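Enquirer: If you scroll down you'll find the structure; I have some questions about it.
What follows draws every value from the coordinates through simple rules; no lab data is involved. These figures come from a predicted structure and were not determined experimentally. Glycine also receives a Cβ, built like all others from the backbone with ideal geometry; neighbour counts cover every protein chain displayed.
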Amino acid sequence: MSQLSRIGTVVKSDPMSQDIFPPRVKRWLFTTNHKEVGILYLVTSLFFFVAAGLLALTMRTQLSVPNNNVLTETLYNQFVTVHGLLMIFWVLSPFAFGFANYILPLQIGARDLAFPRLNAMSYWFYLFSGVAIIMSFIFGAPDLGWTLYSPQTAFQFTPTIGLNVGAAALILITVSITMSSVNFLVTMFKMRAPGMKLRNMPVFPWAILVTIFMMLYAFPSFLAAVLLLYVDRAFGTFYFSSIQGGALLWDNVFWFFGHPEVYIVLFPAIGVIADVIPTFTRRPLYGSKYVIGSMIAAAVISFIVWGHHMFVTGIGLTSTKLYTVTTIAVSLPFDVMVIAMIETLIKARIKLKAAALFALGAIALFVIGGITGVYLASVALDHALRGTYFVVAHFHYIMVGASIMGLIAGLYYWFPKLTGRMYNETVAKIHFVVSFIGFNILYFPMFLLLDMPRRIQTYAPDTGWGPLNSLATIGGFIFGGAQVLLFLNLFLSQRRGPPSGPNPWDGWTLEWSLPSPVPAHDFDTIPSIAEDGTYRFGNGPGYPNGLAHIDDSKVGNGLAYSHLEGMSPWPLVMAFAAFLFFLGLSIGQPSSPTPVSYKPFWPLIADGTILGVISLYGYSRERFSVHEESHVESWPFREVPNVKLGIWTFLGAEVIFFGVLIGAYFFVRTNSATWPAVGELFSIRNGFAMTLVLLTSSLTAIMALASAKIGSRNGLIAGLLATFGLGASFLYIKATEWIELGTHGVFLVASGLPATSYFITTGTHGVHVVAGMCMTVYLLANTLKGRYTKGDHDAIEHFGLYWHFVDIVWVFLFPLFYLI
Amino acid sequence: MAVSNTQVIFDNLYGIFTYLAIIVGVIVFALMAYLIIRYRAKNSSSDPEDTPRLGRIPTSRGHGRNVLITVTLSTFLLAILIITSFAAVDTLFPNNPPNATWCYSIAAYNQTQATGQSCPRLDVTGHQFYWVFTYPGARSYTNFFRVPVNTTVVLDVTSADVFHDFGIIQFKIKTDAIKGRTNTIWFIPYKTANYTIQCFELCGTGHVGMIATLNVMNVTAFQNWYGSEK
């Protein structure tokens, strides 16, 4: 039975999760199983897809003829904004991560993700963030485009609190995505089946791996940007509304995130296509290692092309030329990917099932989207095309044409695996044909509308833009209507479709070796890959044709394999607490007398905090063990336990986060004509004292760990107490400094950029110190109960890693703020 | 149909891009269509020898040589696009714009013309939700301005509030209007007519109506207008 504990078992019975809800509901609310979570992701993302699609159709109706008045301008702008945000954050990535949850662990021969409860929490954060963004309509939804350009985000230009709610939603989903990235990264590096070397992984897991690396380095930049935006609105600071920071600061941090984000939503679809094509052409993917190499190359380059979104901001001729070259260069790896897919068709035996049609269609549309992307990479053409429908056409060919079509290919491909039933192939083929034609009628005319500004509610008849817009609207309704076929087909088929059997498409990847739908425990015993590339399923005999052995007696009602295994209510509760907290922070009254900011709604914040503390307590008290298999493939992290790798990864994201905060500080400082001299505002002595205190606390943290290792309980307690005390002293000096600066009255958080950047950067660091101190309290409590000194000192070590990181950040902040 | 030097440069460059795009697109789509039809599964045919099967990792295939050929060919095509783009942008958006000559027909600027100096630049300021155009002497106009045909006009564009984008649609040029920054664009109009200026960055409720007119006049008409308004 020990091998089954990977699924995660709650030993302690929990009244909340047992009595109130019937099993059918519990299965979905409290699940931590990757397959249930995967289906939740898929269903939720499709729901948002419909919502965002309906917004788009309403906009297309408004634009169908000149001087139309279906939507007011404000409502139109809100629709434009929320449509973009929803599709990018709440549809494309979560759609892909539904597959990644369900399929990816199976493809690499793992039984679940590394941290199942964290995975469930990612989902609930995602769901509640989506609720928040939809709720923002109640408070006046954001209406300035998904790119949220500053200084329009400043309170004086956008006083509606709907923008706060939107920003809160973005923070919540960023948290969700960061948790997911850490989880998937650890899973893929630490839990591959024996013999499942990185080079043996199918392209889909590879695509997800590359995607996650981009997420890990792009999203912290976004989080920092949205946080600063939030601070501007809540405290009346000027990061983005001053002329020293302002528009260009936002542009830089936003697009540093924004361009990788385009590939973040694209690569999973390419991974799906690269899995679908070989199955339906009956040939291995041509040059798969070049495809993977190209993905890595494109991912790296994606971080140095953001300037092409700023070609006309006036960043200078040399910069724009450099960005032209890097942006055009990024098309080379995509060339390789497309050519490899096409070469796979040579001497193949192509079965044009719906999945294959969507995959091939996606490639064709991607080619058009890619070629037109080269136009926009040229700084000379971009001066004319920027902000026009040419851009809209281009990125919809990528995001709808390649991403959504590719993911729909995945939906048809894996539907039998998810449900155990076949869909109706004829209806699916009609769905493809109508979608493909509708898509091109919808978006191709937009290339020809290269004079028409995007994001305008209406236009005059004499512009001549009417006929092409009418055509696009017709295409929009054809494309939208086609999706009804998809949903009807899948909905009816999952109830009444004929049974599919384990491997209806004759696919080669590991998920097809399992029954459909996959039993709760996935594999009886984890598979392995022999030297010659053949699969083995433990010592038990596999069925012929590479099917995994599944003990039928254990499938279904057997307790050990039930879907109700490994339940936890806390991910849901914690996500809800965070939702309440941020909602409270967002909705409130504008502060008087001069409304430059607003006052948060404290009761909700309090509720959220209390619920958060309760769920943290419940989460940590719950005995939820995840057993780590031995003998798995974990190159290059053989010696690193899962949790530790998770923490390293998380700290990597933190580096980017603080990097952006410090970068923002540099940006506003170099753009400011004057800046207070060294020692004028801050006492160097104070700063030096804080540095000393914090560095000493690193030492005491090391002592705590050393004591734990040799089993000295008193030493451990002393070490932790000292660390806590030093942390408290640091905060004490910091607080006196803050109060001192505040009582002068001239140096408040909103009294100018030197003050803002100082308070926000050191404040964020202070919050990290507080979090670390909370950890020491938790560790102390457990130490008093006798833990950590019997060779189980991992937690102390993990805390140490975090604490050292927080100290190192201060080592950077001290000279930057106090000494220069 | 030439309406300005900038539009001519854009059209030429856009033509080169589109020409190559069509060639590449036709080749790729023809190849895809041919392969899909040629190798469509027939009942009589059987799976290729190396069909991936459940139960083993498929053998990897593919020549680095083919990848190299693809990348080389693409690099060659892209190099053409980069070089032509750079040539265009060097003219359109140089670090130092050429001398403005729009004022040479005005008597007060005789000396400027004689010494070959640059006329003053015109200031353009974006506001929520209108454009203000300012001539020398703080003469300013809302939502329209006038220039003489076949002269060089240099504009300094900025914003008084949020992020706008100033675009003269038919001239195919635009630049962002950002508070605290000045972005410069220039053009030579070739034809007397009215041209549409529109804001290309969503700037709030009212953005849709942030439209102005550029009136390109013949030199005498411009002289009369400029002289008659003091």
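Enquirer: Could you tell me whether region B:107-228 comes out rounded, prolate or oblate from its Cα gyration tensor? Rule is a ≥ b ≥ c as square roots of the eigenvalues, rounded for a/c under 1.5, then prolate if a/b exceeds b/c, otherwise oblate.
Expert: Prolate shape, in that a/c is at least 1.5 and a/b is the bigger ratio.
Enquirer: Hey, another quick one. Per residue of B:207-213, how many C-beta atoms from partner chains lie within 10 Å of its own C-beta, taken as a mean?
Expert: Per residue, the number of nearby Cβ atoms from other chains is 4 on average.
Enquirer: Based on the Cβ-Cβ distance from A:T670 to B:N96, what FRET efficiency comes out when R0 is 22 Å, to the nearest 0.05?
Expert: 0.40
Enquirer: With point charges of +1 on the Cβ of Lys and Arg and -1 on the Cβ of Asp and Glu, referenced to the Cα centre of chain A, which listed residue (A:P116, A:I134, A:L144) lies farthest in the positive direction of the dipole?
Expert: Selected residue: A:P116.
Enquirer: Compute, for region A:674-820, the length of the dipole vector about the Cα centre, with Cβ point charges of +1 (Lys, Arg) and -1 (Asp, Glu) only. Units Debye, rounded to 20.
Expert: 460
Enquirer: Starting with the highest mean, order A:680-690, A:338-348, A:379-389, A:452-462 by the number of other Cβ atoms within 10 Å, averaged over the residues of each peptide.
Expert: A:379-389, A:338-348, A:452-462, A:680-690
Enquirer: While we're on this one: Of the options A:N503, A:S180, B:A193, report the single residue whose Cα projects farthest towards the positive end of the charge dipole of the protein assembly as shown (beta-carbon charges: Lys, Arg +1; Asp, Glu -1).
Expert: It is A:N503.
Enquirer: Okay, next question. What spacing in nm lies between the two simple spin-label points modelled at B:V219 and A:F637, each 7 Å away from Cα in the Cβ direction?
Expert: Distance between label points: 7.3 nm.
Enquirer: Between A:I820 and A:V678, what is the label-to-label distance in nm when each label sits 7 Å out along the Cα-to-Cβ direction?
Expert: Distance between the two pseudo-spin positions: 1.1 nm.
Enquirer: Taking beta carbons within 10 Å but only from partner chains, what does the mean come to for residues B:78-87?
Expert: 5
Enquirer: Let me understand chain B better: what is its radius of gyration from the alpha carbons, and its Dmax, in angstrom?
Expert: 26.8, 89
Enquirer: Where a ≥ b ≥ c are the square roots of the eigenvalues of the C-alpha gyration tensor, would you call the protein assembly as shown rounded, which needs a/c under 1.5, or, failing that, prolate if a/b is larger than b/c, or oblate?
Expert: Because a/c hits 1.5 or more and a/b fails to exceed b/c, the protein assembly as shown counts as oblate.
Enquirer: Next up: Among A:K417, B:K42, rank each residue by its count of other Cβ atoms within 10 Å, from fewest to most, as a rough exposure measure.
Expert: Lowest count first: B:K42, A:K417.
Enquirer: Please list, or write none, the aspartates and glutamates whose alpha carbon is within less than 12 Å of the alpha carbon of A:K353, excluding same-chain residues fewer than 8 places away.
Expert: A:K353 reaches A:E425.
Enquirer: Give me the one-decimal nm value for the distance between modelled label points at A:D532 and A:D792, 7 Å along each residue's Cα-to-Cβ direction.
Expert: It is 4.6 nm.
Enquirer: Now, a different point. Explain nothing, just the number: relative contact order of chain A, from Cα pairs under 8 Å at least 6 residues apart, as a whole percent.
Expert: Over chain A, the number comes to 18 percent.
Enquirer: Cross-link candidates for A:K644: which aspartates and glutamates have Cα within less than 20 Å, leaving aside residues fewer than 8 places away along the same chain?
Expert: The reachable aspartates and glutamates, counting only those whose Cα sits under 20 Å from A:K644, are A:D112, A:E628, A:E629, A:E633, A:E654, A:D792, A:D794, A:E797, A:D807.
Enquirer: Can I ask one more? Apply the Karplus curve 6.51 cos²θ - 1.76 cosθ + 1.60, θ = phi - 60°, to the phi angles in region A:795-801 and return the couplings in whole Hz, x for Gly and Pro.
Expert: Each residue's phi maps through the Karplus curve to give 4, 5, 5, 5, 4, x, 4 Hz.
Enquirer: What is chain B's relative contact order, in percent, from Cα pairs under 8 angstrom and six or more apart in sequence?
Expert: Relative contact order here is 20 percent.
Enquirer: Compute and list, largest first, the equivalent-ellipsoid semi-axes of region A:266-359 from the alpha carbon gyration tensor, each √(5λ) rounded to a whole angstrom.
Expert: 34, 12, 10
Enquirer: Taking amide H atoms as placed 1.01 Å from N in the peptide plane, list the residues 5 or more away in sequence, or in a different chain, whose amide H sits under 5 Å from that of B:F187.
Expert: Here the answer is B:V153, since their amide H atoms fall under 5 Å of that of B:F187.
Enquirer: Near the amide H of B:W131, under 5 Å away, which other amide H atoms are found, from residues 5 or more places off or on another chain, if H is placed in the peptide plane?
Expert: Amide H neighbours of B:W131, under 5 Å, 5+ apart: B:N143.
Enquirer: Shifting gears a bit: For n ≥ 4 DSSP H runs only, could you compute -39500 (n - 2.57) per run for the protein assembly as shown, divide by its residues and tell me the 222 nm figure to the nearest 500?
Expert: Result for the protein assembly as shown: -19500 deg cm²/dmol, rounded to the nearest 500.
Enquirer: Looking at the square roots a ≥ b ≥ c of the eigenvalues of the Cα gyration tensor of region A:674-820, which shape do they give, rounded for a/c under 1.5, prolate if a/b is larger than b/c, or oblate?
Expert: Note, shape of region A:674-820 comes out prolate.
Enquirer: Something else: Which distance in Å, rounded to a whole number, links the C-alpha centroids of region B:4-37 and region A:200-226?
Expert: 33
Enquirer: About the Cα centre of chain A, what is the dipole size in debye to 20, counting +1 per Lys and Arg Cβ and -1 per Asp and Glu Cβ, all else neutral?
Expert: Here chain A has a charge dipole of around 1060 debye.
Enquirer: Could you work out how much longer the chain between B:E229 and B:A160 gets when fully extended? Use 0.36 nm per residue separation minus the Cα distance between them, nm to one decimal.
Expert: 22.3 nm
Enquirer: Normalised by the residues of region A:109-206, what does the relative contact order come to in percent, with Cα pairs under 8 Å and at least six apart?
Expert: With pairs under 8 Å counted, the relative contact order is 44 percent.
Enquirer: While we're looking at this one, here's another question. Across the residues of A:317-330, average count of Cβ atoms on other protein chains within 10 Å?
Expert: Mean shielding count: 3.
Enquirer: In the protein assembly as shown, what cysteines have no partner Cβ closer than 4.7 Å?
Expert: Taking the Cβ cut-off of 4.7 Å, the unpaired cysteines of the protein assembly as shown are A:C774, B:C199, B:C203.
Enquirer: Using a cut-off of under 19 Å, list every residue of region A:785-810 whose amide N is near the label point 7 Å from the Cα of A:F688 along the Cα-to-beta-carbon line.
Expert: The answer is A:810, whose backbone nitrogens lie closer than 19 Å to the label point.
Enquirer: I would also like to ask the following. Show me the ranking of peptides A:256-264, B:10-18 by mean Cβ neighbours inside 10 Å, starting with the highest.
Expert: Top to bottom by mean Cβ count within 10 Å: A:256-264, B:10-18.
Enquirer: Among DSSP beta bridges lying fully in the protein assembly as shown, give the percent that are antiparallel, nearest 5.
Expert: Among the beta bridges of the protein assembly as shown, antiparallel pairing accounts for roughly 75 percent.
Enquirer: I would also like to ask the following. May I ask you to derive the FRET efficiency for A:V300 and B:A33 from their Cβ-Cβ distance with R0 = 45 Å, giving the value to the nearest 0.05?
Expert: 0.85
Enquirer: Given a Förster radius of 30 Å and the C-beta distance between A:V50 and A:K351 as r, what FRET efficiency does 1/(1 + (r/R0)^6) yield to the nearest 0.05?
Expert: 0.50
Enquirer: Among A:94-106, A:569-581, what's the highest-first ranking by average C-beta atoms within 10 angstrom per residue?
Expert: Taking the mean over residues of other Cβ atoms within 10 Å, the ranking is A:94-106, A:569-581.
Enquirer: Lys/Arg Cβ at +1, Asp/Glu Cβ at -1, dipole of the protein assembly as shown taken about the Cα centre: which of B:G167, B:V24, A:V655 is farthest positive-ward?
Expert: Ranked along the dipole, the leading option is B:V24.
Enquirer: Under a point-charge model restricted to the Cβ atoms of Lys and Arg (+1) and Asp and Glu (-1), what is the dipole moment magnitude of region A:387-462 relative to its Cα centre, in debye to the nearest 20?
Expert: Around 340 debye, computed over region A:387-462.
Enquirer: Now for a separate question. Please compare each pair in A:K197/B:K42; A:K321/B:K172; A:K197/A:K289 to a cut-off of 24 Å on the Cα-Cα distance and tell me which ones are over it.
Expert: The answer is A:K197/B:K42.
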